[in-house]
Amino acid sequence: GDVMTLDAYLDYASPYSHDMHDVLVLLQSEYGEKLWVEYHLIGVTDQNILAASAVSCADAQQRQEEYLAYLFSTEGALITAREFTAAAETLGLVSADFSTCLSAADSSAYLQQQQEYEEMEILYTPTLVVNNKKIVGAVGFDAVKSVLDEQLLQLG
């Protein structure tokens, strides 16, 4: 009953989204079981599509969260399939399976999802949605914490 759902819409290529990921990691450690964060990647450049495919391939090995955290914590964005596969190897994923998955990835579902985000008026990154309350832009830890605390009070 007192669990908050936070949907985080982040652009892998955006430094603001990288900063927001760091904020969310801190907030998750502070709120623990009371905060459930679901990450959604936004963007339709080749790099965004490749990053989303790589995260999906990591998910096939039950390592999505760890892989996503690695992507958002590394300096400089990965660009090529080889770099995304090297990241998977660094994390101990089965690189042959990851590479096969990445080369077979179909971006149509991802692109459809991007259209749905646009229809939901998720137009800027980062965008957070906490229990249906939208926070848009590169706000800091205190601003997000304030909204979370307000939501917790409403939950009772």
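Taking Cα centre as origin and charging only the Cβ of basic (Lys, Arg, +1) and acidic (Asp, Glu, -1) residues, the dipole magnitude of the chain rounds to 60 debye.
Its Cα gyration tensor gives region 68-156 an equivalent ellipsoid, and the semi-axes of that ellipsoid, as √(5λ) in whole Å with the largest first, are 33, 18, 13.
Within the full protein context, the accessible area of residue 34 is estimated at about 90 Å² for a probe radius of 1.4 Å. When its C-alpha radius of gyration is set against 2.2 N^0.38 Å (N residues), region 1-121 gives a value of 1.06. Compactness of region 40-79 is given as radius of gyration and Dmax, 9.7, 26 Å, from Cα positions.
Summing charges over all other residues whose Cβ lies under 11 Å from the Cβ of residue 51, with Lys and Arg as +1 and Asp and Glu as -1, gives -3.
Checking every one of the GluC sites (Glu not before Pro) in region 1-101 against DSSP loop status and a limit of 13 other Cβ atoms within 10 Å picks out 75.
The values are calculated or read from the model by the stated rules, or taken from the named source; none is laboratory data. Everything quoted here is computed from the prediction, not taken from an experiment. Using ideal geometry, Cβ is built from the backbone for each residue, glycine included, and neighbour counts are taken over all protein chains shown. These accessible areas exclude ligands, DNA and RNA; they are computed on the full protein's heavy atoms, side chains included. Shrake-Rupley method; radii C 1.70, N 1.55, O 1.52, S 1.80 Å.
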